[in-house]
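See below for the structure under consideration.
No lab work stands behind these numbers, since they all come straight from the coordinates. No experiment lies behind these values; they were computed from the predicted model shown. Neighbour counts are summed over all protein chains in view; Cβ atoms, including those assigned to glycine, are modelled from backbone coordinates with ideal geometry.
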Amino acid sequence: MRERVKLLPPTLVQRFHGWKATTYSENSVWYKKLADEGQRPRAMVISCCDSRVHVTSIFGADSGEFFIHRNIANLVPPYELDGEHHGTSAAVEYAVQALKVSHLIVLGHSKCGGVAGCNSMCTGHAPELEEKTSFVGAWLNLLRPGFERVKDLPEEERITALEKEAVMVSLENLMTFPFVTSAVESGQMTLHGLWHDIGSGNLCQYNPNTNGFENV
Ligand SMILES: [Zn+2]
């Protein structure tokens, strides 16, 4: 099996050495401090795996600032103690319990392939996602309750609304974790819902007073 693992392509090797000679060497004291003192991120961000979502860029964040978990369509499953492998729940538990982050941000985005896939699946246009062998389909099932809330909207509007529902469903599910609820209720941590428009660069946040997303 191990012989199937290959060395990095030269372009990536070259780009790494470029980073080491510039960004790293200009900030080596900072990196050493991070290594010695450990991480103390103030926020956890749950965002999509999509390569266009670049949360550290849009907030100008440095190493050590954000504890980031990425998955398809930035979804958080509900609290479930079933002995299965819950990567997202494990990351949330570590951020809240061990790192004691002050903010937990769920970041959705426009043109999300995962959300579009959920829409196709829920409208009966993606039977492959409904197969028992599809990890993606099983994962996107988490968003079905969100689909139910937007299913009557016209297609294009529905997909954008479903991208925002992916944020809301995740925030609702986060509140089913006892340690999240107690961190929120004690004032240790605040929850935030964001949606980033890739093309325009705009960022919207959920405002509980208007029950909608508004430009930041
Ligand atoms: Zn996405």
Legend entry - Loop sites in region 122-152: trypsin sites (Lys or Arg not before Pro), DSSP, at most 16 other Cβ within 10 Å: K132, K151
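Only loop residues by DSSP count here, and only those with at most 16 other Cβ atoms within 10 Å; note down the GluC sites (Glu not before Pro) in region 155-184 that meet that. Don't jump to the answer; show the numbers that get you there.
Values: sites: E155, E156, E157, E163, E165, E172; in loops: none.
Of the GluC sites (Glu not before Pro), not one in the loops of region 155-184 has a Cβ with at most 16 other Cβ atoms within 10 Å.
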Legend entry - Percent breakdown of C-alpha pair distances by 5 Å bin, ordered from the shortest bin, for region 41-150: 2, 11, 19, 21, 19, 14, 8, 4, 1
Inset, instruction - Could you give the size of the charge dipole of region 40-121 about its Cα centre, using +1 on the Cβ of each K and R and -1 on the Cβ of each D and E, expressed in debye and rounded to the nearest 20? - result: 320 debye
Inset, instruction - Go ahead and set up a Gaussian network model of the chain, Cα springs under 10 Å, then flag whichever of I159, I198, I46 fluctuates most. - result: I198
Legend entry - Options A166, F213, G201, ranked by Cα towards positive dipole end of the chain, top entry (Cβ charges): G201
Inset, instruction - Could you pull out every whole DSSP H run in the chain that spans at least 18 Å of Cα extent along its own axis and averages -1.0 or higher on the Kyte-Doolittle scale? - result: 155-174
Inset, instruction - Calculate for the chain the 222 nm mean residue ellipticity that helices alone would give, adding -39,500 (n - 2.57) per DSSP H run of length 4 or more and normalising by residue count, nearest 500 deg cm²/dmol. - result: -11000 deg cm²/dmol
Legend entry - Chain lengthening between T123 and E157 when straightened (0.36 nm per residue, less Cα-Cα): 10.8 nm
Inset, instruction - Would you compute, for the Cα atoms of the chain, the largest minus smallest coordinate along each principal axis and list the three values in descending order, in whole Å? - result: 55, 48, 42
Legend entry - Potential lengthening between H17 and S102 on full extension [0.36 nm per residue; Cα-Cα distance subtracted]: 27.1 nm
Legend entry - Convex hull per residue volume in Å³, alpha carbons only, for region 96-172: 107 Å³
Legend entry - Furthest towards positive pole of dipole, V96, F179, H54, structure part the chain, Cβ charges: H54
Inset, instruction - Treating only the Cβ atoms of Lys and Arg (+1) and Asp and Glu (-1) as charged, compute the dipole magnitude of the chain about its Cα centre; round to the nearest 20 debye. - result: 840 debye
